[in-house]
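Okay, structure first, notes after.
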Amino acid sequence: MKYILGIDIGGTNIKAGLVHNGKVLKKITVPTHAGQDPETSLKQIKTTIGHFVNSISKIGIGIAGIIDSKEGIVRYSPNLKGWQDIPLVRILEKEFKKPVRILNDVNAILLGEWIYGAGKGYRNVFLFTLGTGVGGAAICEGKMLFGAHGFAGEFGHATINFNGPRCLCGNYGCLERYVGSRYIIELAEKKVNLQKSALSRYKELTPRIIAIEARKKDAVAKEVFEEIGQYIGIAVSNIVNLFDPEIVIISGGIARAGKVLFEPIRKTAKEYILGYKYRKIKIVPARLGDSGGILGAAYFAC
Ligand SMILES: [Zn+2]
């Protein structure tokens with residue numbers, strides 16, 4: 001029996017899983033060591049594949065960044081130090097003698113959710129990933145949207161306020177600058193300094209803690225989610241007005257926050273989407289969690 005290996009390469013971890021019939025059968029996680037040089041993380045990738053190599057027929061890999069799927073080259077990855085124009089497919093095919101395909105990590109998550117998860121059965125789907133970074137990807141008319149150069153969907157750096165604060169990318173007022181994890185925490189900390197809140201009991205805040213307190217009706221935590229829900233709602237409205245999808249999927253850790261996040265998103269989207277009542281638009285959390293990227297990458301390899 002030969003399986004497909006799906007790999008999700010992030011800035012912190014490499015997650016790999018044996019995939020069969022849309023299920024992850026066996027999964028391992030190893031550190032990426034992304035802060036060193038390309039050789040070090042490449043070695044980690046090879047070791048990971050080495051674990052599985054005898055039981056697989058193909059390899060699919062999702063990586064954050066500008067990924068040229070056609071040529072099999074990682075053009076640039078913000079998470080991996082020194083990765084520029086790395087012909088990853090050629091390197092791995094030479095080493096393991098198996099077909100390898102690579103794609104952007106958010107595209108991989110969307111493929112996973114589209115084929116096996118929240119987007120199953122739809123022809124027009126948009127997915128946001130919310131984490132340290134914010135990303136996007138689209139299925140249009142039943143096909144993944146890659147764009148002319150393969151770089152479509154970089155929605156984290158869509159400007160939602162050109163007078164806004166500076167983003168790590170150098171521009172001002174990007175979506176990520178408002179709803180990336182570190183900025184959610186920053187917003188909460190600012191509010192905690194001004195108002196009484198259960199959040200002040202925590203030494204270090206995380207989006208998860210803020211979500212837990214928001215569900216317990218802490219006013220400050222709720223305010224944080226209302227505010228970021230509004231920003232995400234604006235982003236969703238822009239996408240819906242542009243692409244007219246049937247479903248928008250929100251993935252990433254904070255998508256698990258539930259109602260406290262989705263109510264303000266839906267409320268804002270309703271206000272800003274043109275012809276809202278004529279559309280049947282669903283805004284839902286992702287379903288596959290960590291496995292989405294692995295399943296999508298494996299599917300892409302087929
Ligand atoms: Zn930016």
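Couple of notes before you dig in:
- Close amide H partners of A152, meaning residues 5 or more places away or on another chain with modelled amide H under 5 Å apart, are G147.
- Difference of contour (0.36 nm per residue) and Cα-Cα distance, Q84 to Y276: 64.9 nm
- For A137, the residues whose modelled amide H falls within less than 5 Å of its own, excluding neighbours fewer than 5 places apart on the same chain, are L127.
- With the simple spin-label model, which puts each label point 7 Å out from Cα in the Cβ direction, the D244 to T206 separation comes to 4.2 nm.
- Amide H contacts of I56: Y3, each under 5 Å away and 5 or more positions distant or on a separate chain (H built 1.01 Å from N in the peptide plane; Pro and chain starts excluded).
- The spacing between the range 137-184 and the range 205-261, judged by their C-alpha centroids, is 16 Å.
- With a simple spin-label model that places each label point 7 Å from the Cα along the Cα-to-Cβ direction, the separation between N21 and Y172 comes to 5.7 nm.
- The length gained on full extension between I91 and V30, counted as 0.36 nm times the residue separation minus their Cα-Cα distance, comes to 20.0 nm.
- Listed cross-link partners K15/K97; K70/K270; K203/K267; K23/K43; K58/K81; K15/K81 are compared with a 29 Å cut-off, the Cα-Cα value being larger for K70/K270; K203/K267.
- Kirkwood analysis of the chain, using all unique Cα-Cα pairs, places the hydrodynamic radius at 19.9 Å.
- Of all beta bridges that DSSP places with both ends in the chain, some 60 percent have antiparallel geometry.
- Most mobile of V106, V224, V192 in a GNM of the chain (Cα contacts under 10 Å): V192
- Furthest towards positive pole of dipole, M144, T29, I67, structure part the chain, Cβ charges: T29
- Given their separation in residues at 0.36 nm each and the Cα-Cα distance between them, N161 and K216 gain 16.7 nm when the chain is fully extended.
Every number in this text was worked out from the coordinates using simple rules, so none of it is lab data. The shown structure was predicted, so the numbers you read here are calculated from the model rather than taken from an experiment. In this analysis, Cβ positions are derived from the backbone assuming ideal geometry, glycine residues included, and neighbour counts consider all displayed protein chains.
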